[in-house]
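Report on the structure given below.
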Amino acid sequence: MSDGSRVLYIIVCAAGPAGSVGRLVGLAQNAGWAVQVVATPSALAFVDVGAIEEQTGRPVRSRYRKPSEPRSRRADAIIVAPATYNTINKFAQGIADTYALGLLAEASGLGIPVVVLPFVNSALADRVPFRRSLEQLRAEGIRILFGPGGSEPHAPGTGGDLVDTFPWHLALRATASGRRQTTHQER
């Protein structure tokens with residue numbers, strides 16, 4: 001990723017659509033992005049790591065690097081997709097117990113635009129902690145693509161039927177707008 005391209009980090013979580021994250025990688029590359037995929041530890045079981053590494057030319061990251069390992073270029077933008085209930089709630093609370101969450105915890109302070117495209121069932125989406133997390137993240141300027149015009153909650157037990165129709169393109173379109181929502185502190 002030293003070619004001067006804009007760098008997009010795609011943080012992939014352990015949800016059904018994760019196995020097709022290569023679609024988003026391809027869309028991003030076609031739009032001129034250099035892509036770094038970061039997987040939550042649980043997402044590694046969902047992703048064909050070898051195929052993604054071949055597609056991006058970069059290792060899929062899921063842990064902090066060792067001091068002797070090269071540092072990745074800083075992201076110009078981050079997409080979290082599919083974003084799970086767990087990751088969204090931890091992100092909102094500032095929990096950084098994985099490499100992916102550590103990146104997200106720091107991104108807002110660095111001014112890096114973040115787009116979150118959830119994949120959550122309606123039983124989880126109706127929970128007060130989840131709704132509160134979405135509000136908190138939006139208040140910090142994080143773009144959340146959930147509800148009308150974004151990813152819709154699905155009935156429990158039906159997520160597997162929706163894997164092929166996950167709207168990856170919406171996350172890239174929101175990222176391409178290049179704008180970061182202003183926070184309450186910036187208003």
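The values are calculated or read from the model by the stated rules, or taken from the named source; none is laboratory data. For clarity, every value in this text was computed on a predicted model and none was experimentally measured. Here the Cβ is made from the backbone with ideal geometry for all residues, glycine too, and neighbour counts use every protein chain on show. To get the accessible areas, we keep the full protein, side chains included, count just its heavy atoms, and leave off ligands, DNA and RNA. Shrake-Rupley method; radii C 1.70, N 1.55, O 1.52, S 1.80 Å.
Scanning the stretch 68-112 for residues that are open to solvent by 30 Å² or more (accessible area, probe 1.4 Å), part of a loop (DSSP other than H, G, I, E, B) and touching a residue at least 12 places away in the same chain (Cβ under 8 Å) yields Arg73, Arg74, Asp76, Gly111. So Gly141 fits all but one of (1) open to solvent by 30 Å² or more (accessible area, probe 1.4 Å); (2) in a loop (DSSP other than H, G, I, E, B); what number is the exception? Condition not satisfied by Gly141: (1). So which residues in the stretch 90-105 are farther than 13 Å from Leu137 by Cα and either under 14 Å from the mean Cα position of the chain (by Cα) or of a type outside the set (A, V, I, L, M, F, W, C) (or both)? Those that are farther than 13 Å from Leu137 by Cα and either under 14 Å from the mean Cα position of the chain (by Cα) or of a type outside the set (A, V, I, L, M, F, W, C) (or both): Asp97, Thr98, Tyr99, Ala100, Leu101, Gly102, Leu103. If you filter the stretch 51-62 down to residues that are in a loop (DSSP other than H, G, I, E, B) and of a type outside the set (Ser, Thr, Tyr), you find that the one that is surrounded by the fewest Cβ atoms within 10 Å (Cβ to Cβ) is Gly57. Restricting attention to the stretch 1-45, the residues that are touching a Cys at 6+ places or on another chain (Cβ under 7 Å), open to solvent by 10 Å² or more (accessible area, probe 1.4 Å) and in a helix (DSSP H, G or I) total 0. Selection of the stretch 157-187 for residues being β-branched (Val, Ile, Thr), modelled with pLDDT of 70 or more and over 15 Å from Ala107 (Cβ atoms) yields Thr158, Val163, Thr165.
Confirm whether Val120 is in contact with a Pro (Cβ under 6 Å, 6 or more places away or on another chain) and buried (at least 21 other Cβ atoms within 10 Å of the Cβ). For Val120, the condition - in contact with a Pro (Cβ under 6 Å, 6 or more places away or on another chain) and buried (at least 21 other Cβ atoms within 10 Å of the Cβ) - is met. Could you go through the stretch 151-158 and let me know if any residue there is open to solvent by less than 20 Å² (accessible area, probe 1.4 Å), under 26 Å from Val47 (Cα atoms) and in a helix (DSSP H, G or I). No, every residue in the stretch 151-158 fails to be open to solvent by less than 20 Å² (accessible area, probe 1.4 Å), under 26 Å from Val47 (Cα atoms) and in a helix (DSSP H, G or I). Residues in the stretch 113-122 that are β-branched (Val, Ile, Thr) and part of a strand (DSSP E or B): Val114, Val115, Val116.
Among residues of the stretch 32-57 that are more than 21 Å from Asn86 (Cβ to Cβ), those with a beta-carbon under 7 Å from a residue that is outside any strand (DSSP E or B) and of a type in the set (Lys, Arg) at least six positions away or on a different chain give the pairs Gln36/Arg58.
Residues in the stretch 6-24 that are in contact with a helix residue (DSSP H, G or I) (Cβ under 9 Å, 6 or more places away or on another chain) and not hydrophobic (A, V, I, L, M, F, W, C): Tyr9, Gly16, Pro17, Gly19, Ser20, Gly22, Arg23.
Quick check on Arg65: is it at pLDDT below 95 and either open to solvent by less than 40 Å² (accessible area, probe 1.4 Å) or touching a strand residue (DSSP E or B) at 6+ places or on another chain (Cβ under 6 Å) (or both)? When the stated conditions are applied, Arg65 does not pass them.
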